[in-house]
Amino acid sequence: MKRRTTALSAIAAVALLGGAATTVAVADDGPSGSSKAASQSSVRVEDDGVSDAQENADEAKGAKIKAEDAIAAALKHTSGTAAGADLDSDDGRLVWEVDVIGGGNTWHHVDVDPGTGKVLSSHVEKDDDDDGDAARVASALKGASTSAQDAARAAADKGVVTSVDADDDGVVKAWEVETTSSNGKQQDWRVDLRSGSVTVDHSADDEGDDGDDD
C-alpha cells in the first residue's frame, strides 16, 4: 500500500543492512532491494530540471505495463492477495512496487519492470507488528468483490493509474487509487471494495490542507 510501501521499504533497508532479510528468488544484497531493482529497470525518465507535473506525466507515459498487469506479474511470481501497487522512481528508473500478502499472513514486496512486466526482485518483510496488519488486511480483502486489479481497471478511464492501495486506516473500506493525466495532474480516487464504484477521494485533499497548516 502507498503508506505501507514507504514503511516497508524502510524496514527492508534496515533488515538488509543487518543481514537479516530473507530473499525470495532474487537476492537483494544492496542497501535497498527496491533501489537495486530500479537500477535494473528498462524504463528511465528524465527527472532533472523538469517540473513536477512534467515528471509525473513522463513517468505515467513511461509505464508501458499497466498497474493491473504489474499486479498479475507479481501474483504469478508470488501467490497470495495483492494489497497494493505503486509506480516509483529511483534516480530516474521506474519500477512497480507490489505488496502481496502470502501464506501465513506474510508481507511480500515484489518489484516489477514497468517496461517489460518482468519481476526484478522480491523479498519477505519480517516484522511481528506487520504480521498482525497483514492478517487484518487479508481478511478484509478476502471478503471483497473488487480486487486491486479490478480497482485499477475501474479507475483507468480517469487517467493512467500509478498507484492502487488498500485504504488501511484501522479498517479497510476501499481501494485508494491515484491517476495521472497527460499534463501530469494527479488525482486520488476511492474504489468501493464491494461495488467497484469510483468516487473522488477528498480525504487526500484534507491531508494536504492539514500539512499546509503545520
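We did not get these values from a lab; they are worked out from the coordinates using the rules stated. In this text, all values refer to a predicted model and were calculated from it rather than measured experimentally. Here the Cβ is made from the backbone with ideal geometry for all residues, glycine too, and neighbour counts use every protein chain on show.
Quickly work out the Ser182-to-Ser42 label distance, labels modelled 7 Å from Cα along the C-beta direction, and quote it in nm with one decimal.
Here the answer is 2.5 nm between the modelled labels.
State the percent of C-alpha pairs, over all pairs in region 120-182, separated by a distance greater than 17 angstrom.
Details: 1006 of 1953 pairs.
More than 17 Å apart: 52 percent of the Cα pairs in region 120-182.
Tell me the label-point distance for the pair Lys61, Lys158, using the 7 Å Cα-to-Cβ offset, in nm and rounded to one decimal.
Output for this residue pair reads 2.3 nm.
Got a sec? How would His109, His202, His77 order by Cβ neighbour count within 10 Å, fewest to most?
If I rank by nearby Cβ atoms, fewest first, I get His202, His77, His109.
Check Ala174: other-chain or 5+ apart residues with amide H under 5 Å from its amide H, H built from backbone geometry?
The answer is Asp167.
How would you rank Arg153, Arg44, going from fewest to most other Cβ atoms within 10 Å of each one's own Cβ?
On the way: Arg153 18, Arg44 15.
The order, fewest Cβ neighbours first, is Arg44, Arg153.
Which order results if Thr180, Thr146 are arranged by neighbouring Cβ count within 10 Å, fewest first?
On the way: Thr180 24, Thr146 19.
In increasing order of surrounding Cβ atoms, one gets Thr146, Thr180.
Between their Cα atoms, which of Lys61/Lys173; Lys36/Lys64; Lys118/Lys173 are more than 26 Å away from each other? Please report the intermediate quantities before stating the final value.
Working: Lys61/Lys173 30 Å; Lys36/Lys64 20 Å; Lys118/Lys173 31 Å.
Beyond 26 Å: Lys61/Lys173; Lys118/Lys173.
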